[in-house]
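K.L.:
Before I ask anything, here is the structure I am working with.
What follows is calculated from the coordinates using simple rules that are stated; it is not laboratory data. What you see is a predicted model; the values in this text were computed from it and never measured. We place every Cβ from the backbone using ideal geometry, glycine too, and count neighbours over all the protein chains shown.
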Amino acid sequence: MKKRICMFFLVVFCFILQNTVLKALELGAVSPNLLLVITAAIGFIGGRKEGMYMGVLCGMFTDIFYGQLFGYYTLLYTLIGYANGFFHAVFYDLDIKQPMLLIAMSDLAYGLIQYFFQFLLRGKFDFGFYFTSVILPEFLYTVVLILLFYRGILVLYEKLDKLDNTGSVDEFV
Amino acid sequence: MRRRKRDSIPSKYILTGIGVICVVFMLLSYTLGFQGGPLGTVSGYLFVPIQKGINYVGWYLSDRADNLQDLRLVMAERDALQEQVDQLTIENSQLMQEKYELEDLRALYELDRSYSDYSKVAANVIGKDSGNWFHSFIIDKGSQDGIEVDMNVLSGSGLVGIVTKVGADWAQVRAIIDDTSNVSAMILSTADNCMVSGDLQLMSKGVISVSQLKDSDNQVVFGAKVVTSQVSDKYHPGLLIGYIQDLEMDANNLTKSGTITPAVDFEHLRSVLVITDKKRQIDPDEEPAVTEPDGETDTEEEP
């Protein structure tokens, strides 16, 4: 339970950071996607369910404040969390390359899905432009963000996990 | 595996559940305009105060950095501005004369409700869209301050956008440079109607697109003012959108399209003005009113 509450406040913190500080640090009108980083990271660190819950929270906040169709971002982030959860089985926490690859791929997928549903379906066909000026810069910027945040998320999650598990073991005994 | 509880639900069912809920919400949102309802209010109380605080700190820091940087620039600019002041003083006196004339004429036509008369509320921008695809932002005034959906938003002299979602103490504004934004506009000098649409692709060059402009006499030139038109159903007439950058004849040889430079600097928006008068719309349920003389209905606003 403690873990859940802490996770909730982690999302709140990241959401605020995303919309204020990271927006001020835009490079070429593109900012990294911190919400996606934590959703994907918790997905493969904690498993499918954890990833989904994280995705629901991140997506819901985005929907409430910045969404046009309520539920769209919730579904998108949930799926990203869930998909990353499949890699929980092969996750090895001392290696940074694998998480980096997973999160980067998630960001690429996110960009492509956004383009497909929000732009291609409205008749904006210049994929080359959208790829080089939005998807790719966001992808690269997000990779930088992973290097800065990933270790922190991992340590935090493992601490919270221990906290909750010891608690439940005590109750059980 | 033993420690897993027996009654825990497999994750694929949870995913299906969440997926169904999301699709239902999307349908509700599309058909009934559902926008989160009480969720928006609750999260407003959670986020708005913190976001306000962070922004004040950010502005303070950037102001301090700017102060040092700007000092030298300001010294140089002062001289240039003094010259400009002299020039403008002359221009101003000429314009004042014209203004008196205009006022007389307006009084004659009973058109004295120009957009300086709209009641406005000032608000601060406290958060920007988390993604890179759209240009919407959050302001720190909401339904408690009388903000409603479809109210026009200005900054300085230009049109910023329109309120698209309202919480208790926050509101979402969609900027006119957003890819999904369309504004019915007109050229101020010739009163030709056109459409101004936001475009992510053009925005990288700092312009937005203008289309469907009928200009058979080639009167619209570079720098012509583009304002919101009388026929728009959500925007008040005469709000400045920007200036014509370039125009080209369409393939149909009837209309022109091109680009305009917005009057507002969207990169550095801090505070905006929300016009709390909404443009009056014809209510389909309302009984037909007594016919009013033509021409008056366009300029009247809701009290």
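K.L.:
Mind sorting B:D63, A:D164, B:D199 by how few other Cβ atoms lie within 10 Å of their own Cβ, fewest first? Can you show the working numbers first?
P.N.:
Working: B:D63 10, A:D164 15, B:D199 18.
Arranged by neighbour count, lowest to highest, B:D63, A:D164, B:D199 become B:D63, A:D164, B:D199.
K.L.:
Need one value for A:46-58: mean number of C-beta atoms belonging to other chains within 10 Å of its residues' C-beta atoms.
P.N.:
2
K.L.:
Something else now. With Cβ to Cβ distances under 14 Å as the rule, what net charge do the other residues near A:Y150 carry (K, R +1; D, E -1)?
P.N.:
Result for the local shell: -2.
K.L.:
Compute the helix-to-body angle for A:97-114: its Cα long axis versus the longest principal axis of chain A, expressed 0 to 90° and rounded to tens.
P.N.:
On a 0 to 90 degree scale, this one is about 50.
K.L.:
Between B:L81 and A:L108, take the C-beta separation as r, use R0 = 56 Å, and let me know the FRET efficiency to the nearest 0.05.
P.N.:
The calculated FRET efficiency here is 0.70.
K.L.:
Shifting gears a bit: What is the mean projected area of the alpha carbon convex hull for the protein assembly as shown, to one decimal in square nanometres?
P.N.:
Average projection, Cα convex hull of the protein assembly as shown: 29.4 nm².
K.L.:
For region A:46-173, what relative contact order do you get, as a whole percent, if you take Cα pairs closer than 8 Å and at least 6 residues apart?
P.N.:
On the way: 95 pairs, mean separation 25.9, N = 128.
Relative contact order here is 20 percent.
K.L.:
Take peptides A:33-45, A:145-157 and line them up by average Cβ neighbours within 10 Å, highest first, as a rough protection proxy.
P.N.:
Peptide ranking by packing, descending: A:33-45, A:145-157.
K.L.:
What FRET efficiency, computed as 1/(1 + (r/R0)^6) with R0 = 25 Å and r the Cβ-Cβ distance, is obtained for A:K97 and A:F125, rounded to the nearest 0.05? Intermediate values should be presented prior to the final figure.
P.N.:
Values: r = 35 Å, r/R0 = 1.41.
Once the sixth-power term is evaluated, E becomes 0.10.
K.L.:
Report, to the nearest 10°, how far helix B:38-109 tilts away from the longest principal axis of the Cα atoms in chain B, using its own Cα long axis and a range of 0 to 90°.
P.N.:
It works out to around 10 degrees.
K.L.:
Taking beta carbons within 10 Å but only from partner chains, what does the mean come to for residues B:41-52? Don't jump to the answer; show the numbers that get you there.
P.N.:
On the way: counts 1, 1, 6, 2, 0, 6, 7, 1, 0, 5, 5, 1.
For this peptide, the per-residue mean of nearby foreign Cβ atoms is 3.
K.L.:
In addition: How big is Rg to Rh over region A:2-172, alpha-carbon atoms, Rh as the Kirkwood inverse-mean-distance radius?
P.N.:
Numbers: Rg = 16.3 Å, Rh = 16.5 Å.
My calculation of the ratio gives 0.99.
K.L.:
May I pose another question? When the Cα centres of region A:77-101 and region A:11-47 are compared, how far apart do they sit, in Å?
P.N.:
16 Å
K.L.:
Express in nm, to one decimal, how much length is gained between B:T16 and B:D233 on full extension, taking 0.36 nm for each residue of separation and deducting their alpha carbon distance.
P.N.:
Taking B:T16 through B:D233 to full extension adds about 74.0 nm, to one decimal.
K.L.:
B:F222: net charge of surrounding residues, Cβ under 15 Å, Lys/Arg +1, Asp/Glu -1, itself excluded? Please list the in-between numbers first.
P.N.:
Working: positive: B:K225, B:K256; negative: B:D215, B:D246, B:E248.
Around B:F222, the surrounding residues sum to -1.
K.L.:
Would you mind calculating the gained length between B:T261 and B:N182 on full extension (0.36 nm times residue separation, minus the Cα-Cα distance), in nm to one decimal?
P.N.:
26.9 nm
K.L.:
At 7 Å along the Cα-to-beta-carbon direction for both B:Y60 and B:E148, put a label point, then send me their distance in nm to one decimal.
P.N.:
3.8 nm
K.L.:
Next question. Among B:W170, B:W59, which comes first, second and so on when ranked by fewest other beta-carbon atoms within 10 Å?
P.N.:
The most exposed by this proxy come first: B:W59, B:W170.
K.L.:
How big is the dipole moment of region B:119-278 about its Cα centre under a simple scheme where the beta carbon of each Lys and Arg is +1, that of each Asp and Glu is -1, and everything else is neutral? Debye, nearest 20, please.
P.N.:
So the magnitude is around 220 debye.
K.L.:
Same structure, new question: Could you work out the mean count of beta carbons from other protein chains within 10 Å of each residue's beta carbon in B:24-32?
P.N.:
Other-chain Cβ atoms within 10 Å of each residue's Cβ, averaged: 4.
K.L.:
Continuing with this model, one more query. To the nearest 10 degrees, how steep is helix A:72-85 against the longest Cα principal axis of chain A, on a 0 to 90 scale?
P.N.:
Approximately 50 degrees, to the nearest ten.
K.L.:
Can you compute the modelled spin-label distance between B:S8 and B:H268, with each label point 7 Å from Cα toward Cβ, in nm?
P.N.:
If labels sit at B:S8 and B:H268, their model points lie 5.3 nm apart.
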